[in-house]
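Taken together, the values in this text are just the output of simple stated rules run on the coordinates, not laboratory data. Note that the structure is predicted; figures quoted are calculated from it, not measured. Every residue, glycine among them, receives a Cβ derived from its backbone with ideal geometry; neighbour counts consider all protein chains shown.
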Amino acid sequence: MAKDHTDETLDRELEDLPADLRWREWMRRIEAVLFASASPVPRDDLARVVGRGASIELLIQDLTADLEGRSFEMAQVADAWMLRTRSAYAPAIRVAADVGEQDLDLREYDVAVLAAIAYHQPITRDGLKDIFGKEISRDLIGRLHARRLIGTGPRSPRRGAPYTYVTTEQFLVAFDLDTLQDLLDREQLEDAGLSADTDAVG
């Protein structure tokens, strides 16, 4: 969403306003940017619409409190923020609004491959083959790419320098995670009867 330049017509400092009104205007600007964006907005982009030295974190905290009791909420995804509808209102939206097809429509095996990528990233197709004991189809990788759940990572530093796969910001959004640190650790997975290596799935 970021532009490569600062809009010179935007008065960022708002020095003609009293401090409390200036703060509220900065909050509203952040709210407007988040409302208009289809993806989480990084801190540096939000800083472009407020005055120098204004604390984005404190503005976000105040905006979060301001949204208490509303149908949508603030969500942090890595070092970015977004507005999202509270889960309690999902049934009402599905009944009344044309929100398109948003179901990820992933099979159990697709989720297992996605989990393997999440836990072992950056990982090559050969790395996935080692985990699952068989080749992962290009169609499956293509489906995960099309849903923007995975992306291309750095080239592997081995012969042939194959591409690697990594999860994306959309992966965090889709699974309601702030960061990859929110993934269950291996012990929690085993307690739940799952495995990060997903070697039982096939």
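When every Cα-Cα distance of region 8-125 is counted in 10 angstrom steps from zero, the calculated P(r) takes the values 11, 32, 28, 20, 8, 2 percent. Take the Cα of Ser156, step 7 Å toward its Cβ, do the same at Arg52, and the gap between the two points is 4.9 nm. Sorting the segments 162-169, 126-133 by their residues' average number of neighbouring beta-carbon atoms within 10 angstrom, most packed first, yields 162-169, 126-133.
Sketch the reach of a paramagnetic label on Thr64 as a point 7 Å from Cα along Cα-to-Cβ, and name the residues of region 168-184 whose backbone nitrogen lies under 17 Å away. Backbone N within reach: 173, 176-182.
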